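Data block below; observations after.
No lab work stands behind these numbers, since they all come straight from the coordinates. None of these values were measured; they are calculated from a predicted model. Virtual Cβ from ideal backbone geometry, glycine too; neighbours counted across all protein chains shown.
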């Protein structure tokens, strides 16, 4: 009588063999639902909902869903999590331009999470899989933050952690280390759940030890993060160096939406008027005399080099306050381009040093392969291409060593670290959020600024046309902030710090090391499997 051999895949937690082609039909619905819940947990952990602690449940859910699955199953489960996460997180991108750009961006970002799901599935049978899965989150974020067209790093796990136990880790390994800690906590929780389920099925003492160790690790990671943050707590604006008095002006815009700059002169006049009001308050002794004033991105959408009235409005404001103004202007040129530019405007000598935004936003501030994208929408022809700046944003403004980054540039590790390496004693974010209305975009961007403050041990000043403007202390706490679509001005003494955090010294080292760890795990799983498959084919022949 012939011997019957059971074929299929062994469950990594129970040891039972499930028939090939049978289990997926039974198990996919709950795995898909679990992945969707993981995506929902991630959305709720970000600013706007502010349930920071839920972030660990995203990696936990994905780890549980893909455990023991093939790459193609992981691809699907990662896609589900990515869509549930990215579609609502990025909804602000379509607030005035409709669903097509929003959904196109969200689906593109979700595809990276799909790739993460496939890689996590492949490595899920390796010993120590929670570590490899967490490292793969960092690798995935590194990829989507760089490619294509410079990437889009919105929605990194670390950016959800500005009020939690993981925040302090930013000073030691930047955003990648914070993301890794969140992911590792989640994957260890997943390992603990699987071990407990195995014990319930009668697997015995070994699984009890695994459950205890995994749960202990899941507790230890945030505890280490909290301890790492203790030396940073309470760092004030005036500690760490000579101070400069900085004024932040939010002039507001005539209305929200894409046509906020239809009254470009009104936007400029709003900021000039707020500055003159501040000057009057200084004259009355109600406010200290600032050494410098920061205006936001797009505070002058009229090129002040070509328009004498715009230049005069800025000069009158600078003379009234008696301090240089860092103006955010749209400047004609070079050639057919326009430039998103920060200009140091002196009350006596006028325009001086400049910083041109290095990373304009693809399909919003410039259109690559315009003829290709025109096939999908003729609206691309409404976009006037911005130039890519080539110089780092280190500026001397009123004796302050300012590291200027413009709008979304705060999300890119290298652009921020460059200005700190260049000697910035404080970081300034000039931004315009009027095109995103009353959405969560401004709060999400402020969270990035808060994490950067911890990462580099610098005060971060955010100047927005319509909000949220803020002053963030080096420990990530918000000292001052404005409301959306409300004119506001605040003045603070800010130390020009020159200390270097561990994260600054290591630069991108932690990210590359963790990425190599994740990629190495994938290779460790794939290469032997391919070898076995080739050997099996030779045997059949």
Can you give the % of DSSP beta bridges in the stretch 243-498 that are antiparallel, to the nearest 5? 65
Could you put 359, 49 in order, starting from the residue whose Cβ has the fewest other Cβ atoms within 10 Å? 49, 359
List the equivalent ellipsoid semi-axes of the chain in whole Å, largest first, each obtained as the square root of 5λ for an eigenvalue λ of the Cα gyration tensor. 49, 25, 18
So what does log10 I(q)/I(0) come out to for the stretch 135-204 at q = 0.18, 0.22, 0.23 Å⁻¹, using the Debye formula with one equal point on every Cα and no solvent? -0.72, -0.89, -0.94
Ranking of 371, 179, 477, 124 by count of other Cβ atoms within 10 Å, fewest first: 371, 477, 124, 179
In this structure, the FRET efficiency calculated for residue 236 and residue 143 from their beta-carbon separation, with R0 = 51 Å, to the nearest 0.05, is 0.85
Rounded to the nearest 5, what is the percent of antiparallel bridges among the DSSP beta bridges in the chain? 65
Evaluate E = 1/(1 + (r/R0)^6) for residue 508 and residue 383, where r is the Cβ-Cβ distance and R0 equals 35 Å; express this FRET efficiency to the nearest 0.05. 0.70
Taking the convex hull of the alpha-carbon atoms of the stretch 26-112 and averaging its shadow over every direction gives an area in square nanometres of 5.8
Packing-wise, with mean Cβ within 10 Å as the measure, how do 156-162, 275-281 rank, highest first? 156-162, 275-281
Restricting to the stretch 426-541, compute how many DSSP beta bridges are antiparallel as a %, nearest 5. 55
Want the number for residue 349 to residue 209: 0.36 nm per residue separation, take away the alpha-carbon distance, what's left? 43.2 nm
What number does the stretch 206-253 give for Rg over Rh if you use C-alpha atoms and the Kirkwood radius? 1.41
Let me have the 222 nm mean residue ellipticity of the chain computed from DSSP H runs of 4+ only, each contributing -39500 (n - 2.57), with the sum over all residues rounded to the nearest 500. -15500 deg cm²/dmol
Return P(r) of the stretch 260-371 (all Cα-Cα pairs; 10 Å bins starting at 0; whole %; ordered from short to long distances). 14, 44, 28, 11, 3, 0
Could you tell me the distance between the Cα centroids of the stretch 411-483 and the stretch 372-398, to the nearest Å? 20
Rg from C-alpha atoms of the stretch 243-498, normalised by the globular rule of thumb 2.2 N^0.38 Å, equals 0.95
How far, in nm, would the chain grow between residue 523 and residue 500 when pulled straight, counting 0.36 nm per residue and subtracting the alpha carbon separation? 4.7 nm
What number, in nm² with one decimal, is the all-direction average of the projected area of the convex hull of the alpha-carbon atoms of the stretch 355-419? 5.2
